[in-house]
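The values are calculated or read from the model by the stated rules, or taken from the named source; none is laboratory data. Please read these numbers as outputs of a predicted model, since none were measured by experiment. Positions of Cβ are generated from backbone atoms using ideal geometry, with glycine treated the same way; all protein chains shown enter the neighbour counts. Ligands, DNA and RNA are stripped out before the accessible areas are found, and what is left, the full protein with its side chains, is counted by its heavy atoms. Shrake-Rupley method; radii C 1.70, N 1.55, O 1.52, S 1.80 Å.
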Amino acid sequence: MTDEQVVSRIEPEGVVVGFDGSEPSRRALAWAVEEARLRGRPLHVVRTWKLTTTETPRTVPAGTVPPLHDFEAQVLSELRADVEREMGAEAASMAGVHAVHGGAGRVLVEAGATADMLVVGRRGHGGFAGLLLGSVADQCVRHAPCPVVTVH
């Protein structure tokens, strides 16, 4: 499958999981992998990014501002490597991986418009200590147009 595009340009069907590399998102990915397998549906792994939260691409000379595409390519490459490490190369090759510029809650809710299900971890990077769900999970539960599974 390996459709590596921005989620806002595709209509993902099947199981969509948000993955930022945190332990909660690793558990969410494991759950989503098994659910997609049981349902016989495609799996889409989504990582969001912003200029303020991602490193400058390694291929860019110091003092140069690269185009957004270079940032997206780096995030996508890192995501692909993380998904392979978590799932194994063969299983990862069957998943769609998507690096999307934007806020995680908004992007995942939009991806849920055509998904069978959206899966998120309870808390990932950037969560506030007092929140039970985490702000991204809370946004998804409240606003996604599809069923949402929050993995604790």
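Values computed for the structure shown
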| quantity | calculated |
| --- | --- |
| First in segment 19-33 and closer than 11 Å to Val83 by Cβ and touching a residue at least 12 places away in the same chain (Cβ under 8 Å), second anywhere and of a type in the set (Gly, Ala, Ser) and surrounded by fewer than 22 Cβ atoms within 10 Å (Cβ to Cβ), Cβ under 8 Å, 6 or more apart | Val33/Ala91 |
| One residue from Val83, Val119, Val45, Val136 being buried (at least 20 other Cβ atoms within 10 Å of the Cβ), modelled with pLDDT of 95 or more and assigned to a helix (DSSP H, G or I) | Val83 |
| Residues (modelled with pLDDT of 95 or more and either farther than 23 Å from Glu72 by Cα or not hydrophobic (A, V, I, L, M, F, W, C) (or both)) located in segment 9-19 | Gly14, Gly18 |
| Number of positions in segment 86-112 that are assigned to a strand (DSSP E or B) and small (Gly, Ala, Ser) | 2 |
| Residues of segment 87-116 that turn out to be aliphatic (A, V, I, L, M), open to solvent by 50 Å² or more (accessible area, probe 1.4 Å) and closer than 16 Å to Glu34 by Cβ, as a count | 1 |
| Residue within segment 44-61 that is of a type in the set (Ser, Thr, Tyr) and touching a Leu at 6+ places or on another chain (Cβ under 8 Å) present | yes |
| Long-range neighbours under 6 Å by Cβ, at least six apart or interchain, first residue among the charged types (D, E, K, R) within segment 93-119, second open to solvent by 30 Å² or more (accessible area, probe 1.4 Å) | Asp116/Arg41 |
| Any hit, segment 62-77, residues being closer than 27 Å to Ala115 by Cα and in contact with a helix residue (DSSP H, G or I) (Cβ under 6 Å, 6 or more places away or on another chain) | no |
| Check on Leu38, more than 19 Å from Val120 (Cβ to Cβ) and surrounded by fewer than 21 Cβ atoms within 10 Å (Cβ to Cβ) | no |
| Filtered residue count, segment 48-80, keeping only those that are among the aliphatic types (A, V, I, L, M) and either part of a strand (DSSP E or B) or in contact (Cβ under 8 Å) with a residue 60 or more places away in the chain (or both) | 2 |
